[in-house]
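In what follows, a structure is listed as structure tokens, so that the remarks can point back to it.
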2 protein chains.
Amino acid sequence: MSLLVVGSVAFDGIETPYGKRERTLGGAASYFALAASQFAPVRLVAIVGDDFTEKDAAVFRGRKIDLAGLEHAPGKTFFWAGRYSQNMNERTTLVTELNVFANFKPTLPKAYADSEFIFLGNIDPTLQRSVLGQVTRKPKVIGLDTMNYWIERTPAELRETLRQTQILMINDDETRQLTGEHNLLKAAKRIFAMGPKTLVIKRGEHGALMVHNKFFFSVPAYPLEEVHDPTGAGDSFAGGFMGYLASAGRISEDTLRRAMVYGSVLGSFTVEKFGVERLANLKRGEITARARLFSKLTSFKL
Amino acid sequence: MSLLVVGSVAFDGIETPYGKRERTLGGAASYFALAASQFAPVRLVAIVGDDFTEKDAAVFRGRKIDLAGLEHAPGKTFFWAGRYSQNMNERTTLVTELNVFANFKPTLPKAYADSEFIFLGNIDPTLQRSVLGQVTRKPKVIGLDTMNYWIERTPAELRETLRQTQILMINDDETRQLTGEHNLLKAAKRIFAMGPKTLVIKRGEHGALMVHNKFFFSVPAYPLEEVHDPTGAGDSFAGGFMGYLASAGRISEDTLRRAMVYGSVLGSFTVEKFGVERLANLKRGEITARARLFSKLTSFKL
């Protein structure tokens, strides 16, 4: 089933101990779309400037990614630049130029109005909700990402959007900040009271934890000898997760567990190269093989 | 098979947001012995002062814990006191009085000389090695714990002891410090070159990762709604791990994976109450039940 994603498409400047890219395709929705399209057709709702050429869009072509919702506006595309520390455990933002993204008002092409799987990327919660207002059929699943900025600045709007959401996908700091509760299981209960019935806590190199009101599930990050660029790992996780769910077409304990694994698989590939370079050259067979490695990494017989 | 452990038996003063204990049984070897004795007979080599009474030793009685190697010396028992922060993520040491532990020279009772499974707790590497010198038969498995103090102060002695060790069980900071390598897989290769063929990296609330030269295995920490006192979790992990291995009597990929799970199970129980209180009242059936919960926490079908 089709999966709609709204979020950022950007150019990134990235510097890590393994090298540097002056200007490479980035933005949460880019990683999400490339990861998710391995599993299901993706409808991309985002905004770019007139510096975003057909050549920049080439990476999305030839995949199951519908670009009818990619708005081209006068001005420059969102630009972000950052530098990672020697151990990759700290990131310094060097530049943030919102450009056309500052005036982004997501508008769904008519053909997107029947989307059954929706992922609301990390943007203003009011804009996230405006996307839901443009959908004519009740979606099967709505997933949502957010960040400290919205938790602090627009808490009421975020709460309103959360009420319509089934799956919240954030990191552990955000979970604690949103709920005022340090213990993640107690925090999850507070989040269940806000709307979502599934909380996916992304923990970077420590993997991810899913807390559902009926069960919980933990998946590690895949141990890699070389991480070239951590940018986009969490967004690739979200893309693999939601993409798999959309392909399965239904939510069950089994599909949610598998979604966690495919999320981790996609995240683990992304960090192997810079930006979207690895996702742009990722084959379905590699995904299947790594998913089996996750099984070896975690399985035991009692 | 019998499992020999050398390490500290102490009195602890512990303060957490859940309460306070002025003076309770502690020390790495106490946690280790109580955890390991759920699986196999334990021989405890440690030192206590004349303030350590029969009443203090009672928790070890009625279990498969041999106290012939528990030396009673004139003076006071090792005392440590610490306070945990509101979120348990920081610990302040308030008091460290080594007392009789400062002059500890481990002496094995003759009956211990045939020990086939040995765990060298976190003490001076020269003393750790002196234990191996008192064993007459080549042990099947030697496990070792150490810390930043020995890595910095006695690196040559530590290297010499590591050469005789099969399993190194330390945390991620210690792994990085010992090898000068941030990436844990690369660090593991350097450790393999030092002697151990199995590295178990303890990561607290993030679980544990085993790197073996033929495979790796990850186990999460069990998510708990309430952690009353994190003291001794890592030592209980080591005890559950080595205790299970000693009960299995052999090292294989299967037994090592299972040892990781039983280690995590024992660690997860310890933190539910203060000090050794939970381990002192833990039933075999509870261990089996929680091991099954670990299976539910981590398993998926592709």
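The values are calculated or read from the model by the stated rules, or taken from the named source; none is laboratory data. Quick caveat, the model's predicted, so the values are computed rather than measured. Glycine gets a Cβ as well: all are built from the backbone with ideal geometry, and neighbour counts include every protein chain shown. The protein model used for the area step is the full one, side chains on, heavy atoms only, and it has no ligands, DNA or RNA in it. Shrake-Rupley method; radii C 1.70, N 1.55, O 1.52, S 1.80 Å.
Computed values, structure above
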quantity: Whole-percent carbon and sulfur share, accessible surface of chain B, 1.4 Å; calculated: 49 percent
quantity: Directionally averaged projected area (convex hull, Cα atoms, the stretch B:119-242), nm²; calculated: 8.0 nm²
quantity: For the stretch B:219-302, alpha-carbon Rg relative to the globular expectation (2.2 N^0.38 Å, N residues); calculated: 1.07
quantity: Long-range Cα-Cα pairs in the stretch A:132-177 (distance over 17 Å), rounded percent; calculated: 36 percent
quantity: Shielded by partner chains, the stretch B:281-302 residues - at least 40 Å² of accessible area, 1.4 Å probe, vs chain alone; calculated: B:Leu297, B:Thr298, B:Phe300, B:Lys301, B:Leu302
quantity: Chains B and A, summed buried accessible surface - 1.4 Å probe, Å², nearest 100; calculated: 3500 Å²
quantity: Accessible-area order (highest first, 1.4 angstrom probe) of the listed residues A:His72, B:His212; calculated: A:His72, B:His212
quantity: Average partner coverage of B:220-228, which counts Cβ from other chains inside 10 Å; calculated: 4
quantity: Percent of beta bridges antiparallel (DSSP, the stretch B:159-230, rounded to nearest 5); calculated: 65 percent
quantity: GNM top mover of A:Ala193, A:Ala233, A:Ala113 - chain A, alpha-carbon springs below 10 Å; calculated: A:Ala193
quantity: Surface/4 estimate of mean projected area, convex hull on alpha-carbon atoms of chain B, nm²; calculated: 15.1 nm²
quantity: Residue of A:Pro230, A:Pro139, A:Pro106 that the Gaussian network model of chain A assigns the largest fluctuation, springs spanning Cα pairs under 10 Å; calculated: A:Pro139
quantity: The stretch A:167-234: radius of gyration over Cα atoms, expressed as a fraction of 2.2 N^0.38 Å; calculated: 1.18
quantity: Between the stretch B:287-302 and the stretch B:230-251, the alpha-carbon center distance in angstrom; calculated: 18 Å
quantity: Square roots of five times the Cα gyration tensor eigenvalues for the stretch A:72-117, Å; calculated: 32, 17, 6
quantity: Probe 1.4 Å, protein heavy atoms only - accessible area per residue of chain B in square angstrom; calculated: 40 Å²
quantity: B:Phe101 accessible area, 1.4 Å probe, all protein chains in place, Å² to nearest 10; calculated: 40 Å²
quantity: Longest to shortest principal axis, alpha-carbon extents of the stretch B:104-155, angstrom; calculated: 34, 22, 13
quantity: List A:Met260, B:Met194, ordered by accessible area with a 1.4 Å probe, largest first; calculated: B:Met194, A:Met260
quantity: Evaluated over the stretch B:1-76, the Cα radius of gyration and Dmax, each in Å; calculated: 12.8, 40
quantity: Per-residue SASA entry for B:Ser37, accessible area with 1.4 Å probe, Å² rounded to 10; calculated: 10 Å²
quantity: Ranked order, A:Ser30, A:Ser85 - accessible area, probe 1.4 Å, largest first; calculated: A:Ser85, A:Ser30
quantity: Dimensions in Å of the protein assembly as shown - Rg and Dmax from alpha carbons; calculated: 26.6, 86
quantity: Size descriptor, Kirkwood hydrodynamic radius, that averages inverse alpha-carbon separations across the stretch B:1-136, Å; calculated: 15.5 Å
